[in-house]
Amino acid sequence: MTTVGVVDDDPIFRDGVGTWLAAHTEDVVVVGVADSVAALRTLLVEPPDVVVLDVVLGGSLLVDNLAALEGWGPLVVVASEDGRSPEMRRRALAGGARTFVGKTAGYAPLRTAIDHVVATGWYTPPELARFLYSEPARAALSTRQAEALRLYAGNLALADIAKRMGISKDTVKTYLRQIRERYRDLGRAASTRAELGARAQEDGYDGRW
């Protein structure tokens, strides 16, 4: 018998998991449901075999809830459509999730994920495999954004970039903010100058292509 704890702030999904599993299986049982990790830990004396956790819970990301789950079973992370961005998936997997399942797929894929995680420790469904092993999407930048990125990746100061491009320093900052947002939306790190330099080289914005 596999025991499952469910932590989700969507009551329809949270309660539906237990109802569906009770009707469709005898060897997987939901032993506790809650809208927060703390509430689940209070509810259960023994850790469940698997924890199904929403990637965004009460406005906080999965990584913010990991400390409270230390020592518990492996994580199966679920997410609605708006929580399935590349960045969310990367954070979930980096944070210790053993798989990532979309809520809109229904409960059957979740049951499959639970079975695989219990049996092997991991589960990589086709959608997740495509995400993990595909080439990262190239950021689409305007000509001016690309020029700003090339100069910034070349370690020029903002004032020097502004002078070369014939624009204000504030406009350079705006370009860099927009560039970082593009990469963030693609799930590619671009917070620091070094990370932006790496992205510029990967995407051919460093002048080498």
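Things worth noting here:
- Within the chain, DSSP assigns beta bridges of which about 10% are antiparallel (rounded to the nearest 5).
- Exposed loop sites here mean GluC sites (Glu not before Pro) with a DSSP loop assignment and at most 13 other beta-carbon atoms within 10 Å; the chain contains its longest site-free run at 71-209.
- Over the chain, Cα pairs under 8 Å with separation of 6+ residues give a relative contact order of 15 percent.
- The slack in the chain from Thr120 to Asp15, taken as 0.36 nm per residue of separation less the alpha-carbon distance, amounts to 35.1 nm.
- Rounded to the nearest Hz, the phi-derived 3J(HN,Hα) couplings of segment 32-47 under the Karplus curve 6.51 cos²θ - 1.76 cosθ + 1.60 (θ = phi - 60°) are x, 10, 7, 9, 8, 4, 4, 5, 5, 5, 6, 6, 9, 7, 9, x, where x marks glycine and proline.
- Estimated FRET transfer efficiency when R0 is 35 angstrom, pair Leu158-Ala129 (beta carbons, to 0.05): 0.30
- Over 21 Å [Cα-Cα, the chain], rounded percent: 59
Laboratory data are not the source of any read-out in this text; all were calculated from the coordinates shown. As the structure is a prediction and not an experimental result, all values here were calculated from the model. Glycine gets a Cβ as well: all are built from the backbone with ideal geometry, and neighbour counts include every protein chain shown.
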